[in-house]
Amino acid sequence: MAKDACCGQAPHNGLGLCTAASSLCGDRGKYVFWDPYHPTERANRIIVSQFVAGSLDYVSPMNLSTVFEMDARFA
């Protein structure tokens, strides 16, 4: 879910830190944010995949795979 955090308080779990008093989601793999500040592991994996192999719509002027490829040619 993009509008709710997995762990927190108040509407959308958008306040406070994740504590024993927090409401907790059932499947954190379906959430973008763990708490109001931190992305979930799944969200981080998506972000990193865009840095490494994403299109120029998201990473400019080139992704890391292109940088590594260029570096290997000149090594």
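The values are calculated or read from the model by the stated rules, or taken from the named source; none is laboratory data. Keep in mind it's a predicted model, so treat the numbers as computed, not measured. We place every Cβ from the backbone using ideal geometry, glycine too, and count neighbours over all the protein chains shown.
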Mind listing just one residue for me: the one in the stretch 1-14 that is modelled with pLDDT of 90 or more and of a type in the set (A, V, I, L, M, F, W, C) and, of those, farthest from Lys30 (Cα to Cα)?
Ala10
Those residues that are hydroxyl-bearing (Ser, Thr, Tyr) and surrounded by 16 or more Cβ atoms within 10 Å (Cβ to Cβ), I need them from the stretch 1-55; list them, please.
Ser22, Tyr31, Thr40
Applying the selection to the stretch 16-54, what residues are within 30 Å of Met70 (Cα to Cα) and touching a helix residue (DSSP H, G or I) at 6+ places or on another chain (Cβ under 6 Å)?
Arg42, Phe51, Val52, Ala53
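Looking at Asn13, is it within 28 Å of Phe68 (Cβ to Cβ) and not charged (D, E, K, R)?
Values: within 28 Å of Phe68 (Cβ to Cβ): no; not charged (D, E, K, R): yes.
Taking the combined requirement at face value, the residue does not satisfy it.
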Looking at the stretch 32-55, I want the residues that are farther than 22 Å from Leu17 by Cα and have a partner that is surrounded by fewer than 15 Cβ atoms within 10 Å (Cβ to Cβ) and aromatic (Phe, Trp, Tyr) with Cβ atoms under 8 Å, at least 6 apart or on another chain. Which pairs are those?
Gln50/Tyr58
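Got a number for residues in the stretch 32-75 being out of contact with any Cys (no Cβ under 8 Å at 6 or more places or on another chain) and either polar (S, T, N, Q) or in a helix (DSSP H, G or I) (or both)? It would help to see each step written out before you state the result.
So the first thing to find is which residues in the stretch 32-75 are out of contact with any Cys (no Cβ under 8 Å at 6 or more places or on another chain), and the list is 32, 36-39, 41-75.
Now restrict to residues that are either polar (S, T, N, Q) or in a helix (DSSP H, G or I) (or both): 41-53, 55, 60, 63-74.
Looking only at that region, the number is 27.
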Within the stretch 29-45, which residues are out of contact with any strand residue (DSSP E or B) (no Cβ under 6 Å at 6 or more places or on another chain) and either modelled with pLDDT under 90 or among the hydroxyl-bearing types (Ser, Thr, Tyr) (or both)?
Tyr31, Tyr37, Thr40
